[in-house]
């Protein structure tokens, strides 16, 4: 199972994940809340500290909002392995 670590809240948790699960869904399992959930508001912006190789490429929604590495939108990232994030 992929492991999601948030260094801001110091929470680490193995998350029940299916292929290409979104970081948003994984983060919801550790209590994160979201705004629009479709990549338009940018409220779920997160810094990817480790595990960039385990997430999907940026979506058009992220590009349109000007989201650049090391940041991503949790609602747009698909997860394939362990990841470490830093929330604001």
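Overview of values
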item	result
Qualifying positions in region 33-72 - under 10 Å from the mean Cα position of the chain (by Cα), in contact (Cβ under 8 Å) with a residue 40 or more places away in the chain and farther than 16 Å from residue 12 by Cα	45, 72
Matching residues in region 64-88 - criterion: being under 8 Å from residue 46 (Cα atoms) and either touching a strand residue (DSSP E or B) at 6+ places or on another chain (Cβ under 6 Å) or modelled with pLDDT of 90 or more (or both)	71, 72, 73, 74, 85, 86, 87
Positions within region 1-28 being in contact with a helix residue (DSSP H, G or I) (Cβ under 6 Å, 6 or more places away or on another chain) and modelled with pLDDT of 75 or more, in sequence order	4
Single match in 31, 39 (criterion: part of a loop (DSSP other than H, G, I, E, B), at pLDDT below 85 and touching a helix residue (DSSP H, G or I) at 6+ places or on another chain (Cβ under 6 Å))	39
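The values are calculated or read from the model by the stated rules, or taken from the named source; none is laboratory data. Since the structure is predicted, the reported quantities are computational estimates derived from the model, not experimental observations. So basically every Cβ, Gly included, is an ideal-geometry build from the backbone, and we count neighbours across all protein chains shown.
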